[in-house]
Amino acid sequence: MLFPKLTSLSVHSAEGINSILPFHLLTKLRTIYVSDFTDDASKKTFLSVLGAALASGSSATLAKLTLKATIWSQLTLLLPTMSTLNDLTLAFSAPVKMECFVFLNSIPHLKTLSLAIYGTNDAIYPEAGKQLMKTHPEQRKSKITSLTVEGDPFFIFWSASFFCGPSVHTFVGKVSTNLRHHLTLGLLLVPHTLEMVMVNNPKVQKLSIEWDGELSGNEPWDWEDERVALSDSFYTSLSKLRNITALSLKNIPMTDMNFFPQVLASLPALPSLRTLSLVPLQVADDDDEVEILPTPADLATIRTKFPSLQHLTISLQDLPDVPQDPPDMMHPGHGLRSLFIVPAWIDDINEISMSNLIPLTTYLDRLFPHLSDVTSYFEKDNKSGALESLQSLDQLLKSYQNIRREAVQFGQSVSTAAASRASTS
């Protein structure tokens with residue numbers, strides 16, 4: 001028998017694989033990973049062999065299945081029969097409609113689902129004002145607890161609409177870096193996707209939608225399109241969050257120019273929040289109206305509302321201006337470890353002189369005395385041009401921390417000496 005005790009199988013190439021390989025003898029497999037092959041002929045052969053193996057008993061103990069190749073019809077019939085499967089990664093071929101998701105509801109013990117899309121999807125918007133409504137009888141019947149969706153904003157929205165019910169506590173949307181022109185406009189649907197998750201489960205623990213792409217500069221944004229207008233209930237939905245540990249919105253344009261300050265104002269005090277990222281995609285319209293951002297003064301509010309926060313990535317305006325009277329340092333001090341201030345415009349950071357940098361450093365040190373990282377976010381490509389100024393900020397923060405540490409050590413040594421003298425007198 002071929003590897004009778006094999007529990008994990010990872011396949012990155014189908015070269016040399018043929019239809020006589022006895023995959024069906026692998027009856028103890030717990031995990032299978034299959035990458036997306038470039039050789040279509042060998043891929044077709046391998047997937048046929050794998051499908052036959054799963055149908056004949058190799059799926060009896062399978063808990064995790066990752067298929068980077070696009071799904072095929074045989075698998076839609078096999079997956080619902082896998083009683084031990086709880087973690088599944090699949091890719092669909094565009095265009096994708098809700099009907100394509102229905103079979104996934106039948107996998108009995110599925111908890112973690114990751115979806116991707118290949119090809120150019122259709123740009124289908126929800127009806128204006130009806131973005132939260134059900135449009136399919138099988139919507140929100142899934143029992144999954146974690147959903148990750150990678151693709152264009154429309155695929156992410158409709159996936160969330162189908163799967164995000166009361167059991168989903170983790171939602172991650174990864175917008176494809178390279179978007180076709182008409183699909184880029186779907187970024188304005190992101191608030192609808194967020195609200196979809198929050199409304200169906202206010203106890204959601206992780207909520208993240210990020211894009212790492214760049215605009216061409218000639219996108220025909222329609223800020224008045226009612227299909228992407230922010231609903232009146234959006235900020236109310238934010239205010240009902242209680243259990244969230246990570247909230248991340250990166251490189252996303254918003255129809256509400258006051259969106260990010262409103263998010264901070266709407267979020268309740270959250271003792272469990274450990275990661276917060278609020279980085280907009282600045283898009284100037286014909287009137288050169290730009291998004292309003294939080295200011296350095298809002299960092300004091302963040303310190304108060306989110307006492308367990310460990311990682312903060314945020315765009316701020318009005319740099320380097322800070323409040324004239326910095327708040328008192330709390331003991332033992334807020335535990336924030338990483339703070340990445342992403343400038344709305346490059347000049348916001350590059351034009352900070354040393355005379356301005358010192359009050360900014362003093363302010364940040366008072367708020368977050370245990371900061372250990374303010375630069376690594378920018379070190380990979382320095383796309384903001386901010387690294388040099390932030391390295392100076394990092395050096396000043398470390399010098400403040402060293403002085404404070406030495407002062408504490410000196411005070412302890414003086415106390416020890418005084419206690420020693422008192423005991424001998």
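Quick check on segment 97-115: of everything there that is within 25 Å of the chain's Cα centre (by Cα) and surrounded by 20 or more Cβ atoms within 10 Å (Cβ to Cβ), which residue is nearest to Gly151 (Cα to Cα)? Per the criteria, the residue is Leu115. Just give me the residues in segment 209-234 being open to solvent by less than 80 Å² (accessible area, probe 1.4 Å) and either closer than 14 Å to Ile252 by Cβ or of a type in the set (Phe, Trp, Tyr) (or both), in sequence order. Selection gives Ile209, Glu210, Trp211, Gly213, Leu215, Glu219, Trp221, Trp223, Val228, Leu230, Phe234. For segment 183-208, the set of residues classified as among the β-branched types (Val, Ile, Thr), open to solvent by 10 Å² or more (accessible area, probe 1.4 Å) and in a loop (DSSP other than H, G, I, E, B) is empty. For the residues Val96, Val149, the requirement of being modelled with pLDDT of 90 or more, within 20 Å of Glu195 (Cα to Cα) and in contact with a Phe, Trp or Tyr (Cβ under 9 Å, 6 or more places away or on another chain) singles out Val149. With respect to Pro220, determine if the residue is out of contact with any strand residue (DSSP E or B) (no Cβ under 6 Å at 6 or more places or on another chain) and over 21 Å from Thr313 (Cβ atoms). Criteria met by Pro220.
Looking only at segment 363-392, count every residue that is at pLDDT 90 or above and over 27 Å from the mean Cα position of the chain (by Cα) and tell me the total. Counting residues in segment 363-392 that are at pLDDT 90 or above and over 27 Å from the mean Cα position of the chain (by Cα) gives 3. Taking residues in segment 81-104 that are farther than 27 Å from Ser56 by Cβ, and partners anywhere that are loosely packed, with under 15 Cβ neighbours inside 10 Å, the pairs with Cβ atoms closer than 6 Å and at least 6 places apart or on different chains are Ala94/Gly119; Ala94/Thr120; Pro95/Asp122. Glu127 falls short of the stated requirement of being open to solvent by 60 Å² or more (accessible area, probe 1.4 Å), within 21 Å of the chain's Cα centre (by Cα) and acidic (Asp, Glu). For segment 112-159, give me each residue that is under 16 Å from Val96 (Cα atoms) and either of a type in the set (A, V, I, L, M) or without any contact (Cβ under 8 Å) to a residue 12 or more places away in the chain (or both). Of everything in segment 112-159, those that are under 16 Å from Val96 (Cα atoms) and either of a type in the set (A, V, I, L, M) or without any contact (Cβ under 8 Å) to a residue 12 or more places away in the chain (or both) turn out to be Leu115, Ala116, Ile117, Ala123, Ile124, Val149, Ile156. Within segment 145-182, the residues that satisfy the criterion of being open to solvent by less than 10 Å² (accessible area, probe 1.4 Å), hydrophobic (A, V, I, L, M, F, W, C), under 20 Å from Val228 (Cβ atoms) and in a helix (DSSP H, G or I) are Phe154, Phe155, Ile156, Phe157, Ala160, Phe162. For segment 81-96, filtered to residues that are assigned to a strand (DSSP E or B) and not small (Gly, Ala, Ser), the residue that is farthest from the chain's Cα centre (by Cα) is Phe92.
Return yes or no: is Ala123 under 20 Å from Leu183 (Cα atoms) and at pLDDT below 95? Against the criterion (under 20 Å from Leu183 (Cα atoms) and at pLDDT below 95), Ala123 qualifies. One residue stands out among those in segment 327-351 that are open to solvent by 40 Å² or more (accessible area, probe 1.4 Å) and of a type outside the set (A, V, I, L, M): the one that is modelled with the lowest pLDDT, which is Asp347.
For segment 287-309, a tally of residues being surrounded by 16 or more Cβ atoms within 10 Å (Cβ to Cβ), modelled with pLDDT of 90 or more and touching a strand residue (DSSP E or B) at 6+ places or on another chain (Cβ under 9 Å) returns 8.
The values are calculated or read from the model by the stated rules, or taken from the named source; none is laboratory data. The structure presented is a predicted model; accordingly, all values stated were derived computationally and were not measured. For neighbour counting, all protein chains shown are included, and Cβ atoms are generated from backbone atoms with ideal geometry for every residue, glycine included. Just so you know, the surface numbers come from the protein's heavy atoms only, side chains and all, with ligands and any DNA or RNA stripped out. Shrake-Rupley method; radii C 1.70, N 1.55, O 1.52, S 1.80 Å.
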